[in-house]
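Novice: Take this structure first; my questions come after.
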Ligand code: NAP
């Protein structure tokens, strides 16, 4: 038999939903597999590909964004087609995709965020770090986010790397940011910022931080801001000391924090304060504006699970502030027609194979990778082995004849459907034109690129 699915005569037809890092790692792993011939069509709701690399990674971390070059190499493979500006479930349905493709991979990441569930959380200028990040990175859905930087203090809740990103962007000078690809609207707003004190608040102690060494080190090199850590808050309880014994990365974090207590204030006009063992209990507003945050002091208790948990002491303190950014984790959102585990915010799966929650069995030909598979953890590179694992599951299934062939595998069928429906999909070639326009505008201003934000402005580059 020469025309079996996966042969040169009848390539395996794969759809990938979401053009972020895990989508590209899935595509690369599929196209690299030498035992089978396969094609990948990648669908993305936005015009621009690269997901969090474009809209999440901080603009001043250009080295992390360099990974996009690898994604471009995958996109240049002969078996790859890009369909930007196509929303799954709106422009093309799950059923239609099942008709055109043998295999569907969901790689939509974690597009929402977790909440604190405290009074005052919905006041203006209380927002998720996710939204703030999307705003300064020029995400089209967040360009009109109302960010008021006229207050003197901001509170960032959480001590992960996202918290570090937003605190650093608030602390940096225009000079430090103007050579990055930060959105023009954000740079203009930051240039007028009145914020002098940025409080990064942890519910647990310094031995439970989630940020990494490079991020805490950077805090010591800010042009306009001193980093402030209270010596008394660095004292570790016995359980915490024991938990981090031999953990060199965590010891290094502590070394940096201790060094900041020694350096102290050097007279810079802004300050990034790290505060520990505090949980916000209320965001206090006056006349519809945030004026302060009430926080409860915590103590640490080892739990039966081995985890060290924060527990309220009934003592409170209030920090005056006018901007609150909650940076307590991303959350996945459900896709129409696809199983979803609400509790964990992921698509239920077994080694990347999507599971039907009603029957508990895997759904033939449907797979998942990245944050929507395992939750919002790890750095960009973590998604590579994760994606390879899911692709391996898929090829194992193919080998065992567990993937039913698509009814309409002709590559022209999907383009015909989108065209008939009037969906203006953006191909890889068209995206490269937009990309080139951004890079060339950046050259004139000494930046890696000037991001085009509006959909209409992107299409205008294509002469529409
Ligand atoms: P994260 O690393 O999971 O950190 C979340 C933080 O929120 C933790 O400090 C957590 O504290 C805290 N938190 C959760 N619920 C809370 C609550 N109800 N009240 C107070 N605090 C609460 O998440 P992230 O910062 O969003 O980052 C997501 C992933 O992206 C991470 O793997 C991160 O490393 C990665 N990332 C990497 C970079 C980089 O490499 N430069 C940049 C950005 C993001 P507990 O520990 O007490 O739960």
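Nothing in this text is a laboratory measurement; each read-out follows from the coordinates by a stated rule. Only a predicted model underlies this, so the values are computations on that prediction, with no experimental measurement involved. A quick note on method: Cβ atoms are made from the backbone with ideal geometry, for glycine too, and the neighbour counts reach across all protein chains shown.
Novice: For region 163-184 and region 250-320, what is the separation of their C-alpha centers, rounded to whole Å?
Specialist: With region 163-184 and region 250-320 each reduced to a Cα centre, they are spaced 23 Å.
Novice: Of all the Cα-Cα pairs you can form in region 279-379, what percent are over 20 Å apart? Numbers along the way, then the final one.
Specialist: Working: 3085 of 5050 pairs.
That fraction is 61 percent.
Novice: In Å³ and rounded to a whole number, note down the convex hull volume per residue for the Cα atoms of region 245-297.
Specialist: Convex hull of Cα atoms, per residue: 132 Å³.
Novice: If you take the beta carbon distance between residue 245 and residue 266 as r and set R0 to 45 Å, what does 1/(1 + (r/R0)^6) give as a FRET efficiency, to the nearest 0.05? Don't skip to the end; give the middle numbers.
Specialist: On the way: r = 33 Å, r/R0 = 0.74.
FRET efficiency, residue 245 to residue 266: 0.85.
Novice: Ok, one more. Let's test the formula: R0 of 45 Å, r as the Cβ-Cβ distance of residue 429 and residue 144. What FRET efficiency results, to the nearest 0.05?
Specialist: On the way: r = 30 Å, r/R0 = 0.67.
Efficiency at R0 = 45 Å is approximately 0.90.
Novice: Mind pulling the per residue volume of the convex hull built on the Cα atoms of region 131-286? Å³ is fine. Spell out each step's value before the answer.
Specialist: Working: hull volume 20.2 nm³, N = 156.
Roughly 129 Å³ of hull volume per residue.
Novice: Related question: Which residues among region 318-342 fall inside the zone where the amide N is under 18 Å from a point 7 Å beyond the Cα of residue 115, along Cα→Cβ?
Specialist: 324-334, 342
Novice: Follow-up question, since we're still on this one. Can you compute the equivalent ellipsoid semi-axes for region 415-456, i.e. the square root of 5 times each eigenvalue of the Cα gyration tensor, sorted largest first and rounded to whole Å?
Specialist: Working: eigenvalues 165, 20, 5 Å².
After diagonalising the Cα gyration tensor, the semi-axes are 29, 10, 5 Å.
Novice: For region 20-122, which semi-axes, largest first and in whole Å, follow from the square roots of 5 times the eigenvalues of its Cα gyration tensor? Working shown, then result.
Specialist: Numbers: eigenvalues 158, 82, 27 Å².
Sorted largest first and rounded, they come to 28, 20, 12 Å.
Novice: Rg and Dmax of region 289-443 over Cα atoms: what are they, in angstrom?
Specialist: When restricted to the Cα atoms of region 289-443, Rg and Dmax are 23.5, 66 Å.
Novice: If I stretch the segment between residue 93 and residue 344 completely, what's the gain in nm (0.36 nm per residue apart, minus their alpha carbon distance), one decimal?
Specialist: 87.9 nm
Novice: Ok, one more. Please arrange 200, 351 by counting, for each residue, the other beta carbons lying within 10 Å of its beta carbon, fewest first.
Specialist: Numbers: 200 27, 351 12.
Going from least to most buried by this count: 351, 200.
Novice: What is the distance in Å between the Cα centres of region 369-383 and region 80-104?
Specialist: Cα centroid to Cα centroid, the span is 22 Å.
Novice: Let me ask something else about it. If neighbour count is taken as other Cβ atoms inside 10 Å, put 245, 215 in order from fewest to most.
Specialist: On the way: 245 8, 215 23.
The order, fewest Cβ neighbours first, is 245, 215.
Novice: Moving to a separate point now. What relative contact order, as a whole-number percentage, does the chain give when Cα pairs under 8 Å and 6 or more residues apart are counted?
Specialist: Details: 945 pairs, mean separation 96.5, N = 464.
The normalised contact order for the chain reaches 21 percent.
Novice: Taking the alpha carbon gyration tensor of region 101-184, what are the square roots of 5 times its eigenvalues, largest first, to the nearest whole Å? The partial results should precede the final answer.
Specialist: On the way: eigenvalues 131, 75, 33 Å².
Gyration-tensor ellipsoid for region 101-184: 26, 19, 13 Å.
Novice: Going by how many other beta carbons lie within 10 Å of each one, how would you line up 32, 210, fewest first? Don't skip to the end; give the middle numbers.
Specialist: Values: 32 12, 210 18.
The fewest-first ordering by Cβ neighbours comes to 32, 210.
Novice: Okay, next question. Where Rh denotes the Kirkwood radius from the mean inverse Cα pair distance, what is Rg over Rh for region 352-464?
Specialist: Working: Rg = 19.9 Å, Rh = 18.1 Å.
Across region 352-464, the Cα-based Rg/Rh ratio is 1.10.
Novice: Taking the Cα atoms of the chain, report the difference between the largest and smallest coordinate on each principal axis, in whole Å and largest first.
Specialist: So the three principal-axis extents are 73, 56, 41 Å.
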